[in-house]
Each structure stands twice: as structure tokens, then as C-alpha cells.
Amino acid sequence: TDPINSSVIAQFEQEKIAGIFDLPLFSDSKETINYLRASSFLVAISSSTTQSTIEEYCRLKGLEVDQILGYSKGFEKGKHHFDFLIKKFGVKPEEIVYVGDSLKDCERAQDSAVLFIARIGMFSKEQFDTLSRSKLVIHQLSDLKELIPKLNH
């Protein structure tokens with residue numbers, strides 16, 4: 001590995017952490033999470049940001065969830081996080097619904113046999129359709145209030 005790569009990666013991570021606290025939540029985040037939790041769903045955040053940073057972000061934004069999972073070496077988004085949730089909460093992969101906004105999120109869910117719901121924004125429905133087997137898409141988080149109950153039937 002070229003030493004310049006390590007330097008660029010370190011700089012990127014430093015800038016990401018410095019700017020993350022200025023990033024707003026989606027406007028419907030709290031309302032949707034509160035609805036899901038009140039409806040007896042467990043809600044977890046799975047992030048590629050370090051554990052301490054994502055915990056601080058959630059604390060500053062007043063976001064309350066059942067579990068926050070961040071990145072650490074050997075423990076990252078996807079299988080590691082899903083396995084943690086399965087063990088901690090005693091759920092099965094088919095009981096997990098992973099909402100993500102990237103094609104990589106979609107791949108991670110499908111590689112672990114977890115249902116994926118794509119949030120349109122960074123990528124289009126058409127881009128997700130070429131990759132996702134589920135074809136479930138939302139335009140905003142609050143769309144989950146309509147979609148999730150239908151999945152239970």
C-alpha cells in the first residue's frame with residue numbers, strides 16, 4: 001500500500017469527523033424512530049463512522065434508539081453489525097429490516113440475507129432496482145410508517 005493512501009484516508013476521516021456534527025438529521029428522523037419504537041420495533045443505527053463519534057452525534061441531535069453501532073477495526077457495517085444485533089436481541093436475519101441510502105448498504109444487507117429498503121436521495125430508484133432483490137424504496141423515512149406494517153402480513 002502506498003503511504004500516500006494512508007495519509008489521504010487519515011485526512012478524509014479527520015474532515016468527516018470535524019464536519020459530521022454540522023450535518024442535520026433528516027427532518028422526519030425523530031418522528032419516524034419514535035413511531036417505530038412505540039410500535040414495538042427495535043431501532044438501531046449502523047454507521048461507518050467510529051462508535052464514539054456516532055454516539056456523540058446522536059446525543060447532540062437528541063436521537064434515541066435501542067442500539068448504536070459504529071465502526072471499529074474488525075467491526076463494521078453489514079455482517080458484523082447484523083450478527084451483533086442477532087446475538088444481543090435474539091432476532092433472526094429475516095426479522096431485520098435495513099434502511100440505507102447507498103448501493104453498498106444494499107449489498108451488505110443482501111449478503112447477510114437481511115431485507116433492504118432503499119432511501120432515495122444519493123441514488124435513484126433505478127440504480128437500486130438494478131442491484132436490489134427487494135425493490136422496496138422510500139423517499140423519506142416517514143414512508144416507513146406505511147410500509148413496515150404491510151411487511152408483517
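The values are calculated or read from the model by the stated rules, or taken from the named source; none is laboratory data. The structure presented is a predicted model; accordingly, all values stated were derived computationally and were not measured. All Cβ positions, glycine included, derive from the backbone under ideal geometry; neighbour counts span all protein chains shown. Remember, those area values only see protein heavy atoms, side chains included, never the ligands or the DNA or RNA. Shrake-Rupley method; radii C 1.70, N 1.55, O 1.52, S 1.80 Å.
Here are a few things to note about the model shown:
- Principal-axis analysis of the Cα atoms of the chain puts helix 3-20 at an angle of about 50° to the longest axis.
- Nonlocal amide H pairs with Ile45, under 5 Å, H built at 1.01 Å: Gln67, Ile68, Leu69
- Near the amide H of Thr50, within less than 5 Å, lie the amide hydrogens of Tyr71, all on another chain or at least 5 residues away, with H placed in the peptide plane.
- Crossing angle, helix 29-38 versus the chain [Cα axis fit, 0-90 degrees, rounded to tens]: 50 degrees
- Kirkwood-based Rg to Rh ratio, the chain, C-alpha trace: 0.96
- Protection proxy ranking, highest mean first, for peptides 55-62, 101-108: 101-108, 55-62, where packing is the per-residue count of other beta-carbon atoms within 10 Å, averaged.
- Percent accessible area from carbon and sulfur atoms, the chain, protein chains only, probe 1.4 Å: 54 percent
- Candidate cross-link partners of Lys79 among the aspartates and glutamates, defined by an alpha-carbon separation under 18 Å and a same-chain spacing of 8 or more, comprise Glu94, Glu95, Asp101, Asp105, Glu107, Asp111.
- Per-residue ellipticity at 222 nm, computed for the chain from helices alone with -39500 (n - 2.57) per DSSP H run of at least four residues, works out to -14500 deg cm²/dmol.
- A 1.4 Å probe run over the protein chains yields, for the chain, 62 Å² of accessible area per residue, whole-number rounding.
- C-alpha long axis of helix 51-61 to longest principal axis of the chain, angle in °: 60 degrees
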